[in-house]
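The values are calculated or read from the model by the stated rules, or taken from the named source; none is laboratory data. Just so you know, these numbers come straight off a predicted model, no measurement behind them. Because the Cβ atoms are built from the backbone with ideal geometry, glycine has one as well, and the counts that use them run over all protein chains shown.
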Amino acid sequence: MLLVVTYSRGARTTLRNVCRSHDDTVVRRLGRAALFAETELGAFLACRLRAKHGSDVQVERTEPFNEFAAVRPAVREAAVAYEDRETPSTPYAKFAAGDDHPDPAAMRDAEL
Amino acid sequence: MTERPVPRSAPAEAATLRRAAEAGTVEGACAVLDLDPDDPLATLTDRPPSLWRALAAAARERGREHPLDDERRRLRTELEAVDADVDDAGDASDALAAARRRAATAGADVERLREQAATLRGRLTQARERTSADTEADSDAAETTVDALRAEFEAATRALTEAETERVAAEQALADAVERSRAARDARERRLHLRDALTNRRREIRRDLAREVYPAFVDAVATFRSNAACILGGDSATRDSGVGDSDAHGTASDGSLTARPGDGPDDFDGDAVVAHAAAVRIADRADPVVVAVDRFPSPEKVHEWLGSPVVFVAPD
C-alpha cells in the first residue's frame, strides 16, 4: 500500500478531501495520514498531493509484515514470552537479561 | 480575567478622516488610516466577522486579559522558532525528487544492461559452438564473428559494471536525502502540532472573552433598538418594514431588533450587522471605524452611537 503522511494544514485538508472523494482507493484513514491502495489511481493521488504540497507530504510504499519471514525466531519468541510474563511491571530489558532473550540495544542496531 | 488601562492612540485628525473617506473603498480607507482590514472592529460592512471574533476583539480593546494568554504567547514564540527551523531546513522536495529519479534511472539502466549482456553471452556461446563445428573454409569468417561478439560482450559487461556502481551511489544518495528530509519533517510535524495547539488556545480564549462582554453587548443591542428610529432614519426604517427583502445581511428587521439575546453569542440570532456594530460600540475604540453599510443615515448619529471616529465609504 501507499502510506501518505501530511505535515501542514493545507496538505491535511487536501488529503481529507481526497479521502472523501476516493473512498474506494483509500484503504485506511489515520488522522493526518492515510493508506492508499497500491494501484495506479492510488499512485496518481499520492503524486497529486506531492505535486501540490511538496515537502509537506511524505509517501512511502508499505508491504505486509511477515514476522516468520523477516525476523529471526529469537526476536518474535521473546515478544510472545514477554507479553506472557507473570509480573506486568517488569521492564523488557530486565526480563530479557534474566531469561536469555535478545537485548533491546542489540535489537535496536540490527536491521531486518 | 482583568481589565487594564489601554494606551489609546491619538485620535485621527479630521483631515485624515476626510482623505480616508475620499479613498472611497474599505481597503483604501483602511490604508489611509493605517488600520488592519482584518481587524474585526476596524470596519463595518455587509459581511460581518463572526460574533465570537468581534466580541473577543472588543474585550481586548477594553483591556481584558485571559489566564491562557501566557500559554498562547509561549506557543507563539515556540512556533516562530520552529518556523525558523523549517525555513532553515529549506524545501527538500526537489532534491528528494531528483534523488528518487536518479535511483530509478540507475536501477533501470542496470536491468537493461544486464539483459543485454546476457543476450550477448548467449550469442557468443552459440557462435563459438558453430566455429568448432564449421569446416575449415568457413572458420575464418566465423572467428571474425566470434571476435566481434566478444568485443561487444566485453563492452556490455564494462557498461554493466559502471551502471552497477552508479546504482550503488544513487541509492546511497537517496538514502542520505531521505535521512535529511526526515529531520526536516520532524520540524514540520512540530510546527503543525504547535499551530493546532495555538489555534485551539486562541479559540478557547476568544470564547471566554466573548462570553464575558456578552452582557455589555446585549445592552448595546438594546440601546440600538431604542435608538433604532433615529439611527436607522426614515429611509432605512421604511425599507425595513417592507416585505420581500431576502438579503441575508440586508437590513435590521423588526424581528432582529426584538430577538431575545440569550445567554451567549451562540444564542444570538438577531441581525449580524447590528450585532457587529454593537461589538464595535462596546469596544469603545479610539481608532476610527470604516463604515460601508448604507443603513446608517448620518455619520454624526453613527459616530455618536459607536463612540468612535467614523469614515463612510460606499458599500462594496
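Give me the residue from the stretch B:85-111 that is surrounded by 12 or more Cβ atoms within 10 Å (Cβ to Cβ) and closer than 15 Å to B:R188 by Cβ and, out of that set, farthest from the chain's Cα centre (by Cα).
Checking each candidate, the answer is B:L96.
Look through the stretch B:152-177, keep the residues that are within 14 Å of another protein chain (Cβ to nearest Cβ) and crowded, with 16+ Cβ neighbours inside 10 Å, and return whichever of them is nearest to B:E115 (Cα to Cα).
Here the answer is B:L174.
Does the stretch A:66-87 contain any residue that is within 14 Å of another protein chain (Cβ to nearest Cβ) and at pLDDT 95 or above?
So far as the stretch A:66-87 goes, no, none of its residues is within 14 Å of another protein chain (Cβ to nearest Cβ) and at pLDDT 95 or above.
Among the candidates B:G28, B:G63, single out the residue that is at positive phi and not charged (D, E, K, R). Even if it seems obvious, please write down each step before you answer.
Details: B:G28 fails: at positive phi.
Selected residue: B:G63, the only one of B:G28, B:G63 that is at positive phi and not charged (D, E, K, R).
Quick test for you: out of B:A84, B:A103, B:A29, pick the one residue that is farther than 30 Å from B:L306 by Cβ, at pLDDT below 95 and in a helix (DSSP H, G or I).
Of B:A84, B:A103, B:A29, the one residue that is farther than 30 Å from B:L306 by Cβ, at pLDDT below 95 and in a helix (DSSP H, G or I) is B:A84.
Under 8 Å between Cβ atoms, at least 6 apart or on separate chains: pull out the pairs that start in the stretch B:83-104 with a residue that is more than 9 Å from chain A (Cβ to nearest Cβ) and end on any residue that is of a type in the set (A, V, I, L, M, F, W, C) and surrounded by fewer than 13 Cβ atoms within 10 Å (Cβ to Cβ).
Short answer, once both residue conditions are applied: none.
Output the number of the condition that B:R295 fails; it satisfies all remaining conditions of (1) surrounded by 23 or more Cβ atoms within 10 Å (Cβ to Cβ); (2) part of a helix (DSSP H, G or I).
With respect to (1) surrounded by 23 or more Cβ atoms within 10 Å (Cβ to Cβ); (2) part of a helix (DSSP H, G or I), B:R295 is out only on (2).
Just checking, how many residues over the stretch A:32-58 are hydrophobic (A, V, I, L, M, F, W, C) and surrounded by fewer than 19 Cβ atoms within 10 Å (Cβ to Cβ)?
Here the count works out to 8.
Of all residues in the stretch A:16-42, which are within 13 Å of chain B (Cβ to nearest Cβ) and more than 17 Å from B:R185 (Cα to Cα)?
none
Going by what's in this entry, would A:A34 be described as hydrophobic (A, V, I, L, M, F, W, C), touching a helix residue (DSSP H, G or I) at 6+ places or on another chain (Cβ under 7 Å), modelled with pLDDT of 95 or more and within 24 Å of B:D91 (Cα to Cα)?
Yes; evaluated as a whole, the condition is true for this residue.
When the stretch A:45-65 is examined, which residues are found to be more than 14 Å from chain B (Cβ to nearest Cβ), hydrophobic (A, V, I, L, M, F, W, C) and closer than 25 Å to B:L192 by Cβ?
A:L45
Within the stretch B:113-122, identify whether any single residue is buried (at least 18 other Cβ atoms within 10 Å of the Cβ), touching a Ser or Thr at 6+ places or on another chain (Cβ under 8 Å) and under 30 Å from B:V168 (Cβ atoms), and answer yes or no.
Yes, because at least one residue in the stretch B:113-122 is buried (at least 18 other Cβ atoms within 10 Å of the Cβ), touching a Ser or Thr at 6+ places or on another chain (Cβ under 8 Å) and under 30 Å from B:V168 (Cβ atoms).
Applying the selection to the stretch A:59-112, what residues are without any contact (Cβ under 8 Å) to a residue 40 or more places away in the chain, aliphatic (A, V, I, L, M), loosely packed, with under 13 Cβ neighbours inside 10 Å and closer than 30 Å to A:Y7 by Cβ?
Listed by number, the list holds a single entry, A:A110.
Could you check the stretch B:187-220 and list, in sequence order, the residues that are more than 9 Å from every other protein chain (Cβ to nearest Cβ), charged (D, E, K, R) and either surrounded by fewer than 14 Cβ atoms within 10 Å (Cβ to Cβ) or in contact with a Leu (Cβ under 7 Å, 6 or more places away or on another chain) (or both)?
B:R201, B:R203, B:E204
Restricting attention to the stretch A:1-15, and to residues there that are more than 11 Å from chain B (Cβ to nearest Cβ) and surrounded by 14 or more Cβ atoms within 10 Å (Cβ to Cβ), which single residue is nearest to the chain's Cα centre (by Cα)? Working first, answer last.
First pass over the stretch A:1-15, keeping only residues more than 11 Å from chain B (Cβ to nearest Cβ): A:1-4, A:13-15.
Checking the rest, the ones that are also surrounded by 14 or more Cβ atoms within 10 Å (Cβ to Cβ) come to A:1-4, A:14-15.
On the way: A:M1: 11, A:L2: 11, A:L3: 8, A:V4: 11, A:T14: 22, A:L15: 18 Å.
By that ranking, first place goes to A:L3.
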